[in-house]
1. Bins of 5 Å, beginning at zero and ending with the bin holding the largest distance: percent of Cα pairs per bin for the stretch 47-113, please.
2. Can you pull the Rg over Rh of the stretch 134-270, Cα-only, Kirkwood?
3. Once the cut-off is 26 Å, how many percent of the Cα-Cα pairs in the stretch 68-206 end up in the long-distance tail?
4. For Arg204, Arg81, write out the residues from largest to smallest accessible area, computed with a 1.4 angstrom probe and no ligands counted.
5. Kindly sort Arg272, Arg177, Arg291 by accessible area of their heavy atoms, largest first, with the probe set to 1.4 Å.
6. Determine the order of Tyr338, Tyr76, Tyr358 by accessible area, beginning with the largest, at a probe radius of 1.4 Å.
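The values are calculated or read from the model by the stated rules, or taken from the named source; none is laboratory data. These numbers were taken from a predicted model, which means no experiment stands behind them. Areas reflect the complete protein model, heavy atoms only, side chains present, ligands, DNA and RNA absent. Shrake-Rupley method; radii C 1.70, N 1.55, O 1.52, S 1.80 Å.
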Amino acid sequence: MVPPPPRPVSGSLLDFVAQVSGEGQLRVEERLGDGFVRLRVAEAERRQAKHDIRCVEDVVIEMLRNARDAGARHIYVATTREGDVRTLTLLDDGSGIPEHMHRAIFDARVTSKLETMTMDRWGVHGRGMALYSIAQNVEDARVVASAPGLGSSLAVRVDCAKLAEKTNQSSWPSLGRDEDGVTCVARGPHNIVRTLLEFALEERDRVSVYLGTPTEIAATLFSDDPAHVDVRDLVFCRDVGTLPVCSRLRAAGDAGELVRCCADIGLDVSERTAHRILSGQIGSLVPALSRLVASANGETAPIDLLRDRRGLKVTKADLAEFSRDLERAFAALGEKYYVTLRGEPKIRVTRDRVTVTYDLAKED
C-alpha cells in the first residue's frame, strides 16, 4: 500500500516547530561544516525577495514591468501617502489574471511567462519572483480586480517607516541626453515620479503610463476608454465585472454608482468627488511622458507625491454657499450678544483645515 503524500505544513505550525526545535532547523537543508549551510529553497527565496526590493521605488518599477509583460498598452498608477503609509494602485489593460490565481501570483516562482523571460535595463524579468518580492516587503499586496482579457488592478500598501521611499517626492526631473547622445530622464532624485518616467521613456513605443491621485486616475478612466468599449455595451451592461477593468467607470449612471465602480477597481473617491467627475469639473490626465515635456516647457506644475493628496479642495461656488450658511448661523449669536458682522465671513481652506474668521462690529 502506497502511503499518502505528506500534508502541507501551515504557517502557524511552522512557527510552533520553530519555537520548539529552533528556527534554524527550518531554514537549513544541510549543514556543510565550518559554519557553512545549504539553505532550504523557501528560505533562500525569502532572502532573495527581501534583497530585490530595497525601497518603494523598486516596488513601482516591478509593478510596471509586470503590467508591461502582461501585454498592457495603458498603465495607470494612482498613489497617495497618509503619514507613513504609501498606497499604490496600478491598473492596466493587459491580459488579466484568472480568479483562482489572484492569490497564487504572489507566491514564489509563479509566472505565466515560461517561454518569454525578459531582459531590460532593470535586469531579468519573468522568473516569477517580482510579485513575491513585493509581497514580502510591503504590508499588503492584492489583486483588486482582474480576469482573462479584461486587464488588472493591483493594490499595494507600504509602511514607509519599514520600506523607505525617497524623501523628496516633489522634484520633477527633466529630459536630457546621456554621454551617448540618447534622450534620457535627467537630474533630480530617483523618486517615484522619476522611476515611472524612466520606464515610460524606455517603453514609449509600447506603453502609455499615467500617474496621479485616485481622483485624477478615476477622472481619466471615466473620460478616456483605452478598450474602446461600445457605448451600447455600457448602457445595457448588467454586470460591470464583465467589462474591461479600465472601462468600468464609464458604465456608472450616477455618483453613487461611480463611487462603487471606483471601489471595485481599487480607487477611493467620495460621492462629492464623483459628482465633480461626472460634471466634468475634474479633467483627465495626459500620459506622464507628455507631462514631462510640458513641465519642461513650463506648461504644467510638477507632481508632489509627498503631499497628502486627500487634502480638502473646495470650489468657489461651494465656498460662497458655505459663507451664506455661516452668516445665517451667526445671526442668533449676534442677536444675543449685540454684535453684527462687518462684511462676509473669511474662509481659508488648507490641506487639512478650514479656518473661518468673523470680523465683528459691536452695537451701541
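1. 3, 13, 21, 26, 21, 12, 3, 0
2. Details: Rg = 17.9 Å, Rh = 17.4 Å.
My calculation puts Rg/Rh at 1.03.
3. Percent of Cα pairs beyond 26 Å in the stretch 68-206: 29.
4. Details: Arg204 135, Arg81 40 Å².
So the residues, ranked largest to smallest area, are Arg204, Arg81.
5. Details: Arg272 140, Arg177 165, Arg291 50 Å².
Listed by decreasing accessible area, they come as Arg177, Arg272, Arg291.
6. Solvent-accessible surface, decreasing: Tyr338, Tyr358, Tyr76.
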